[in-house]
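Laboratory data are not the source of any read-out in this text; all were calculated from the coordinates shown. A quick note: this is a predicted structure, and the numbers were derived from the prediction, not measured. Using ideal geometry, Cβ is built from the backbone for each residue, glycine included, and neighbour counts are taken over all protein chains shown.
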Amino acid sequence: MIRTLKEQCVHRHRFETLQHASRVIGDWINFYNNGRPHQLPGMKTPSEAFKLAA
């Protein structure tokens, strides 16, 4: 996940402040966990895979 975060978020933005970085990275992490399908759990988002496992 760290490499993906760097490649898809951090390296694509020029952060003006720590608060700006925190907001953008937080939004990306939310998208990563709730909106972006992942190949390993059968093209489900991590939150969908977690719900199925519970």
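Key figures
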item	result
All positions within the range 12-30 that are assigned to a loop (DSSP other than H, G, I, E, B) and either in contact (Cβ under 8 Å) with a residue 12 or more places away in the chain or surrounded by 12 or more Cβ atoms within 10 Å (Cβ to Cβ) (or both)	His13, Phe15
Residues of the range 31-54 satisfying the condition of being within 14 Å of Gln8 (Cβ to Cβ) and part of a helix (DSSP H, G or I)	Phe31, Tyr32, Asn33
